[in-house]
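**Q** A single structure is presented below for examination.
Derivation of every value follows stated rules applied to the coordinates shown; laboratory data play no part. Because the structure is predicted, anything quoted here is derived from the model rather than measured. Positions of Cβ are backbone-derived with ideal geometry, glycine not excepted, and every protein chain shown enters the neighbour counts.
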Amino acid sequence: MLLKKLFLLVILCLLLGQVDARLDVCATCPYKAIKPAIAASQAGDTLFIHSGLYQEGNILIDKALTVIGIGYPVIDGKNETEVITVTANRVSLIGLHIKNVGTSYLEDRAGIRIKKAKHFLVKNNKLTDTFFGVYLEHAREGKVVGNVMKAQAKNEASSGNAVHAWYCRKLVVENNHVSGHRDGIYFEFVDSSIVRHNVSENQLRYGLHFMFSNNDSYEHNTFRNNGAGVAVMFSKKINMWENHFEHNWGGAAYGLLLKEINDADIVRNVFEENTIGIYVEGSNRIHYLNNVFRHNGWAIKIAGGCMDNDVSGNNFISNTFDLAQTGKGTYNRFDGNYWSEYTGYDLDRDGVGDVPFRPVKLFSYVVDQTPETMVLLRSTFVDIINFSEKISPILTPAQVQDHAPRMREIDIPFTH
Amino acid sequence: MNKIFKYSFFDLIRSRWTLVYLAFYLLLTFALLTLTPDTSKVVISLMNIILLLVPLIASMFSVIYSYNSREFVELLLAQPIPRRQIFLGQYLGVASSLALSYLLGIGIPFLVFGILGSAQLGHFLTLLLVGLLLSFIFSALAFLIALKHDNKLKGFGLTILVWLFFAVIYDGLFLVAMMWFRDYPLDNFALGASLLNPIDLSRMLILLKLDIAALLGYTGAVFQQFFGSSMGILLSVGCLLLWIGVPVWRIYRISGRRDF
């Protein structure tokens, strides 16, 4: 009996020893600064940083700590150094306000850098004028959630990315609001990761940028007013669901750029007021299903070398050009879409037009051959030739046809 | 000249056709503004209509007026009035009344919908200016044709041909030329060719002000640079004024020595 009690006591002591300590940091707390608090802490401890201004240069976190800011304490890099560098597993950074990292042409400084670590959590932080916002290198199985990152990038050479991931796996980037960087979210060699419910706007270059990253998915994001919405390059098996690509407008802008992409699904996205909705180059076996293209310059522009793409069940509404493609032949399918320009009839009233629709206009074909002719856009002559080509097609690629154009806008089952 | 101008101007603004013309623009603009809240879209729709209709109506109206008032002109010529002033006064009277109808027809609806405070004011003013200049240009061309040709049929035919040429045929030739010489740099050619046609020039002046200019790509950027510079603005307005000046000068010359 006594033995049993003793045994329980030992267990209890062991457990108590395990209970994580709490360290408070503020002007009147035991710890006045963050660095000493980290030095005094042990793995598993929680640091509470109360509101105030902390200027301590580069702060290294090399043990599994939970750092929680109360009332958004300002951690200022004074435009001189990187602010927080994490090299341990199981580190959480919550509710901090990190400021002023400053441009460097020699090193990629970041507001928060996670280096060779797993199971991290970067949550509800504010990052203002950090050169790179959250920089993940060789990081795995972590989350970047609910952060607000703002910067005023002037040009591409002197600016960084808001979320930058390099050689990572199984990341979740969720509910962040990023603006004014070079790229909003940048993935290079990042596999099996999810990007969702983020808003990325006013970036100099891309809202979201994939390079050499496979098996990822991004969904329910909004990309607005970026140099270009999303660029997906040299990647395989990317799912793109229910994103909004809005007003990525400018001479060389587009909503979504696909370059050397294979086996992707582009489903239920909305492309609105982009110079080019989707620009596709050398991409194969992609399903474009149930997307909405509204008021774009070009809805889809397909350059050479694209095969076995399937464009179906999409709504094309009031685009200057619905489709442009180089070359005469096509190995892609465009059946079963709604085109607001379609003027055919439906005698048997099954909702499917009885005459095929040709989405490539004559003028779009001419512009493709001689880009300078674009200056005749919206002239009467161009309207006339487009009309006559529509009546009796001669020049536009004969194979590019929607054999089952829908008579009415397709009802798209958005999930939110 | 002042008297003649006043006479034809007031004669015309009381005429039924001027009122119909005015009513057409009022209805059209009101309808467009009510249907689409986006003013820049309204400007684009109006642009397409204006670039086609303003030249057509200005030239047809002027040529008809010119032929119909031939007897009146002959009567005036018998009076002690400098003959050049008769024709110039008539031209100004017709062109101004057309311009006034256009100005009121487009202007009133936009004012009612509160264009003055909005960011689209610049687009609207460009549209207004372009329409006014086109009225004067095509009216002058039509007067010149009517003055040169006594044969009404020939006069009408030529006027329609001139309109058709600038509105449609010119762009066709332009397009073919560009496709033909596509291996050469075409930006300056395109710039020059659009400067020469008042309708194309008007279209570019409006398009470049709107968002849609981004679609024009590289050539558009060249255009934007040109029309953005003070030199480009001077040159394009100069070109449009030249299209008024040269025909008016011809009217002035011919009316001085022509025998009736």
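**Q** Over its Cα atoms, what ratio of radius of gyration to 2.2 N^0.38 Å does the stretch A:338-416 give?
**A** 1.30
**Q** Kindly state, as a whole number, the per residue volume in cubic angstrom of the convex hull around the alpha carbon atoms of the stretch A:20-226.
**A** Roughly 97 Å³ of hull volume per residue.
**Q** Could I ask something else about it? Calculate the dipole size of chain A relative to its Cα centre from +1 charges on Lys and Arg beta carbons and -1 charges on Asp and Glu beta carbons; express the result in debye to the nearest 20.
**A** Using Cβ point charges on Lys, Arg, Asp and Glu, chain A gives about 1720 debye.
**Q** Given Cα pairs under 8 Å that are at least 6 residues apart, what percent is the relative contact order of the stretch A:20-226?
**A** Relative contact order here is 12 percent.
**Q** Distance between the C-alpha centers of the stretch A:209-254 and the stretch B:87-110? Whole Å please.
**A** Comparing the Cα centres of the stretch A:209-254 and the stretch B:87-110, I get a distance of 51 Å.
**Q** Based on DSSP H runs of at least 4 residues, each adding -39500 (n - 2.57), what is the mean residue ellipticity at 222 nm of chain B after dividing by all its residues, to the nearest 500 deg cm²/dmol?
**A** Computed mean residue ellipticity for chain B: -27500 deg cm²/dmol.
**Q** Among A:His247, A:Ile49, A:Ser104, whose Cα projects farthest towards the positive end of the dipole of chain A, with charges put on the beta-carbon of Lys, Arg (+1) and Asp, Glu (-1)?
**A** Selected residue: A:Ile49.
**Q** To the nearest 20 debye, what is the magnitude of the charge dipole of chain B about its Cα centre, counting +1 on the Cβ of each Lys and Arg and -1 on the Cβ of each Asp and Glu?
**A** Dipole magnitude for chain B comes out near 860 debye.
**Q** Select from B:Leu56, A:Trp166, A:Asn274 the residue farthest towards the positive end of the dipole of the protein assembly as shown; place +1 on Cβ of Lys and Arg, -1 on Cβ of Asp and Glu, and compute about the Cα centre.
**A** B:Leu56
**Q** Give a residue-ordered list of calculated ³J(HN,Hα) values for the stretch A:164-181 (Karplus: 6.51 cos²θ - 1.76 cosθ + 1.60, θ = phi - 60°; whole Hz; x for Gly, Pro).
**A** 10, 10, 9, 6, 10, 9, 6, 8, 10, 10, 9, 6, 8, 10, 10, 8, x, 9
**Q** A further question follows. Just to be sure I understand the model, the point goes 7 Å from the Cα along the line to the Cβ. What's the resulting B:Phe260 to A:His287 distance in nm?
**A** 8.0
**Q** Which FRET efficiency value, to the nearest 0.05, do you get for A:Lys118 and B:Phe113 by plugging their Cβ-Cβ distance into 1/(1 + (r/R0)^6) with R0 = 35 Å?
**A** In this case the efficiency is close to 0.05.
**Q** Over the stretch A:194-233, consider all pairs of different Cα atoms and compute the Kirkwood hydrodynamic radius from their mean reciprocal separation; express it in Å, one decimal.
**A** 10.3
**Q** Another question about this same structure. So what are the three principal axis dimensions of the stretch A:106-159 from its Cα atoms, in whole Å, longest to shortest?
**A** Principal-axis extents of the stretch A:106-159 (Cα, largest first): 34, 25, 12 Å.
**Q** Okay, moving on. For A:Phe189 and A:Ala21 in the same chain, what is the full-extension length gain: residue separation times 0.36 nm, less their Cα-Cα distance, in nm?
**A** That works out to 56.7 nm of additional length.
**Q** Kindly write out, for the stretch A:380-385 in residue order, the coupling ³J(HN,Hα) from the Karplus curve 6.51 cos²θ - 1.76 cosθ + 1.60 (θ = phi - 60°), rounded to whole Hz, with x marking Gly and Pro.
**A** Using θ = phi - 60°, the values come out as 4, 4, 5, 4, 5, 5 Hz.
**Q** Over the stretch A:207-325, consider all pairs of different Cα atoms and compute the Kirkwood hydrodynamic radius from their mean reciprocal separation; express it in Å, one decimal.
**A** 13.5
**Q** For B:Leu241 and B:Leu196, what does the FRET efficiency come to when R0 = 25 Å and r is the distance between their Cβ atoms, rounded to the nearest 0.05?
**A** That pair, B:Leu241 with B:Leu196, gives E of 0.95.
**Q** If neighbour count is taken as other Cβ atoms inside 10 Å, put B:Trp180, A:Trp241, A:Trp166 in order from fewest to most.
**A** Arranged by neighbour count, lowest to highest, B:Trp180, A:Trp241, A:Trp166 become B:Trp180, A:Trp166, A:Trp241.
**Q** Working from the pairwise distances between different alpha carbons, so that the mean of 1/r is found and then inverted, what is the protein assembly as shown's Kirkwood radius in Å?
**A** 29.6
**Q** Evaluate E = 1/(1 + (r/R0)^6) for A:Trp166 and A:Lys4, where r is the Cβ-Cβ distance and R0 equals 45 Å; express this FRET efficiency to the nearest 0.05.
**A** FRET efficiency, A:Trp166 to A:Lys4: 0.25.
**Q** Please give the length that would be gained between A:Gln152 and A:Arg408 if that part of the chain were fully extended, namely 0.36 nm times their separation in residues minus their C-alpha to C-alpha distance (nm, one decimal).
**A** Stretched fully, the A:Gln152-A:Arg408 segment lengthens by 87.8 nm.
**Q** For the stretch A:269-416, report the convex hull volume of the alpha-carbon atoms normalised per residue, in Å³, without decimals.
**A** Convex hull volume per residue, Cα atoms: 112 Å³.
**Q** Determine by what factor the alpha-carbon radius of gyration of chain B differs from 2.2 N^0.38 Å, reporting the quotient.
**A** Normalised Cα radius of gyration, chain B: 1.07.
**Q** Still on this structure, I have one more. Under a Cβ-only charge scheme (Lys and Arg +1, Asp and Glu -1), can you give me the dipole magnitude of the stretch A:314-369 about the Cα centre, in debye to the nearest 20?
**A** Taking the Cα centre of the stretch A:314-369 as origin, the dipole is about 260 debye.
**Q** If you don't mind, another one. Could you work out how far the C-alpha centroid of the stretch A:261-316 sits from that of the stretch A:66-136, in angstrom?
**A** Centre-to-centre (Cα) distance: 36 Å.
**Q** Note down the relative contact order for chain B as a percent, whole number, built from C-alpha pairs under 8 angstrom at least six residues apart.
**A** 28
**Q** Mind jotting down the three principal axis lengths of the stretch B:163-260 based on Cα atoms? Whole angstrom, largest first.
**A** Sorted largest first, the three principal extents are 54, 32, 21 Å.
**Q** In whole percent, what relative contact order does chain A give with Cα contacts below 8 Å and a gap of six or more residues?
**A** So the answer I get is 6 percent.
**Q** In addition: How do B:Asp150, A:Asp411 rank when sorted from fewest to most other Cβ atoms within 10 Å of their own Cβ?
**A** Result, fewest neighbours first: A:Asp411, B:Asp150.
**Q** Here's something else I'd like to know. On a full-extension model of 0.36 nm per residue, what is the gain between B:Tyr7 and B:Tyr218, subtracting their alpha-carbon distance, rounded to one decimal in nm?
**A** Result for the pair: 70.9 nm of gain on full extension.
**Q** Can you tell me the orientation of helix B:230-257 relative to chain B, as the angle in degrees between its alpha-carbon axis and the longest Cα principal axis, to the nearest 10?
**A** It works out to around 20 degrees.
**Q** Sticking with this structure for a sec: Could I have the simple spin-label model distance between B:Ile81 and A:Ser217, label points 7 Å from Cα toward Cβ, reported in nm to one decimal?
**A** The modelled label-to-label distance comes out at 8.3 nm.
**Q** While we're here: Treating the angle as unsigned and between 0 and 90°, give the value, to the nearest 10°, between the Cα long axis of helix A:2-18 and the longest Cα principal axis of chain A.
**A** 60
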